[in-house]
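Some notes on the structure that comes next.
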Amino acid sequence: MNDNPIRKVLIVGGGTAGWMTAAALSKVLKTVQITLIESDAIATVGVGEATIPPINTFNQLLGLDEADFMRQTRASFKLAIEFVDWTRLGHRYLHPFGGFGLDIEAIKFHQFWLKAQSQGSTQPIDDFNLSATAARLGRFMLPSKDPGQVLSSLKYAFHFDAGLYARYLRRFAEGLGVVRREGKVVDVTLRGEDGFIDSVTLEGGHVETADLFIDCSGFRALLIEGALKTGYEDWGHWLPNDRAVAMPCETGGDGLTPFTRATADSAGWRWRIPLQHRTGNGYVYSSRHISDEDALARLRATLDGPARAEPNFIRFQAGRRNQMWVKNCVAIGLASGFLEPLESTSIHLIQAGITKLLALFPDRGFDPVETAEYNRLSILQTELIRDFIILHFKANERTDSDYWRAAREMEIPESLQRKIDLFAARGRLFQSDYDLFAEPSWVAVLLGQNIRPRNYDPLVDTLDEQVVRGQLERLSALVRRTAEALPTHEAFIARYCAAPDFEKTA
Ligand code: FAD
């Protein structure tokens, strides 16, 4: 029995990060007292509505009823991200969830596809991915649990309303005993002997102490930076976007697509995230290349329908905190750093932070070995995601603006250059431990951004060409038939998890 356990955890901040952390910790740490402080006077960032498939693991950890969670947060399903105009104007491709085809005799499926292309085939690789094919057709169904069915290969995540998601998790966490305290933190007191955080003081004088402090205060980073002065590594030279403007609108346009759309623009890119009751939109841009007014004008001009709220301007600096865990303080969410919303990785990094914290949960001795491991893994995960995101900007052929020319000409991390060079030779990729993006994601974006391997893996030629060609034909036909048999995304939502204000377009 540990005689030095953590007895109290204090979470500062009640955005997505704060409430996800409160929900997960209260579910797992049954004997620890958890308090969350948030201030109604300080708004949450209010965006962050697209997720990636690992969120299903988080939902399972909490034991959520998926249909109820979707109804309460007005969620829709997400099977892919569609990238429009990224490679060059007029071009589009999907980064779908899940893999392409099936490996044959340990040779990667995309190698067979590359050989077929070299022999004149024009069949898109998406034809071998069920999530991509269903996304293009606007269809959805929950995956089969039978691994023998093609439908088992469907991978999905969610689009949801960020404000409703925080509220939903708040109810969940409060139901498990988390105490919410309203108030603005105005001071942080450090212990004289070791510089650990002793307490935070709220406006009005109330003082909260704890053994472990979790900084979920967003870009303010009140504890990890404000009090502990950790420092920040700026990645602006690779990820030049430093502003965003968000503006939801009425449902319209292509309606309830089961995918996020990311459209490249002259000085950044726009997102479109369809929810049950509205569509989320935003323009992420570089302030060196476009003014706030022009960014807003470009966003407004592309909305599917009338705006549902005033524009929400957000400033950020791409990068990461030098350390995410310092002494008795762990930063989770925007307080720990922020890359780019492009591949919807930020909510995932919250989840990854919570998972690592639970796996390395300390006692009041705070063993520096565990703190160091948490930081090492967090930095590794963030840098791997950083490289993947940079790829989208670097590998472009656009000639219409300085923004895209500069992105193409920038020096990139050596780790990414090596990956691109290896793929460009014979389509080979090696998955790093802790890379959130598995090989099929890299294949989708490398090919999507028009990095075409000069050759394919010679091992492909060791297999009978006719047999392989037959397998490819059967597989793509099966994927197509399976996707066509699914209900539309809209019909599935109507039946499974429709909220009272669900806006049907058909
Ligand atoms: P915040 O939402 O800013 O919450 C901070 C909290 O701290 C608030 O509750 C506030 O009241 C509290 N607080 C601050 N100061 C004090 C104080 N002094 N006293 C008391 N309380 C205080 N992520 C994705 O995964 N998918 C996406 O599609 C996506 N899109 C994004 C688009 C943009 C433009 C941006 C900027 C981010 C996006 N993200 C996305 C990231 C995502 O929004 C965040 O990861 C997520 O919202 C978590 O934010 P947070 O809780 O860390 O911070």
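The values are calculated or read from the model by the stated rules, or taken from the named source; none is laboratory data. Because the structure is predicted, anything quoted here is derived from the model rather than measured. Glycine gets a Cβ as well: all are built from the backbone with ideal geometry, and neighbour counts include every protein chain shown. We work out accessible area using only protein heavy atoms, side chains counted, and drop any ligands, DNA or RNA first. Shrake-Rupley method; radii C 1.70, N 1.55, O 1.52, S 1.80 Å.
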Taking H as built 1.01 Å from N, whose amide H comes closer than 5 Å to the amide H of G282, not counting residues under 5 places away? M247, W271
With both bridge residues required to lie in the chain, what share of the DSSP beta bridges run antiparallel, to the nearest 5%? 70
Pop out the ³J(HN,Hα) list for the range 213-219 in order, Karplus 6.51 cos²θ - 1.76 cosθ + 1.60 with θ = phi - 60°, rounded to Hz; leave Gly and Pro as x. 10, 10, 8, 10, 8, x, 4
At 1.4 Å probe size, with no ligands or nucleic acids counted, give the accessible surface of T399 in Å², nearest ten. 100
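Please sort through the DSSP H helices of the chain and keep those with an alpha-carbon extent of at least 30 Å along the long axis and a Kyte-Doolittle average not below -1.0. Provide the component values of the computation, followed by the final result.
Details: long enough: 368-394 (38 Å, 0.10).
Both cut-offs are met by 368-394.
Got the relative contact order for the chain handy, in percent, Cα pairs under 8 Å and 6 or more residues apart?
23
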For the R480, N2 Cβ pair and Förster radius 51 Å, calculated FRET efficiency rounded to 0.05 is 0.35
Just reorder K394, K27 by solvent-accessible area, largest first, 1.4 Å probe, all chains present. K27, K394
Helical contribution to [θ] at 222 nm, DSSP H n ≥ 4, -39,500 (n - 2.57), averaged over the chain, rounded to 500: -10500 deg cm²/dmol
Taking loop as defined by DSSP and a crowding limit of 16 other beta carbons within 10 Å, which trypsin sites (Lys or Arg not before Pro) in the range 421-506 fit? R428, R454, K504
Cut-off 13 Å (backbone N to label point 7 Å along Cα→Cβ of D254), residues of the range 107-134: 132-134
Length gained, D68-L429, 0.36 nm per residue minus C-alpha separation, equals 126.0 nm
In whole angstrom, how far apart do the alpha carbon centroids of the range 175-233 and the range 264-338 sit? 26
Give, as ranges by residue number, the residues of the range 28-57 whose backbone N falls under 16 Å from the point 7 Å along Cα→Cβ of V179. 31-38
So what are the ³J(HN,Hα) numbers for the range 196-204, from phi and the Karplus equation (6.51, -1.76, 1.60; θ = phi - 60°), rounded to whole Hz, Gly and Pro as x? 5, 6, 9, 6, 10, 10, 9, 3, x
Note, ³J(HN,Hα) from phi for the range 45-53, Karplus 6.51, -1.76, 1.60, rounded to Hz, x at Gly and Pro: 5, x, 10, x, 10, 10, 10, 10, x
If R0 = 60 Å, then Q119 and R171, at their Cβ-Cβ distance, give a FRET efficiency to the nearest 0.05 of 0.55
Extend 7 Å from the Cα of E473 along its Cα-to-C-beta direction; within the range 92-124, residues with backbone N under 17 Å of that point are 113, 116-117, 119-124
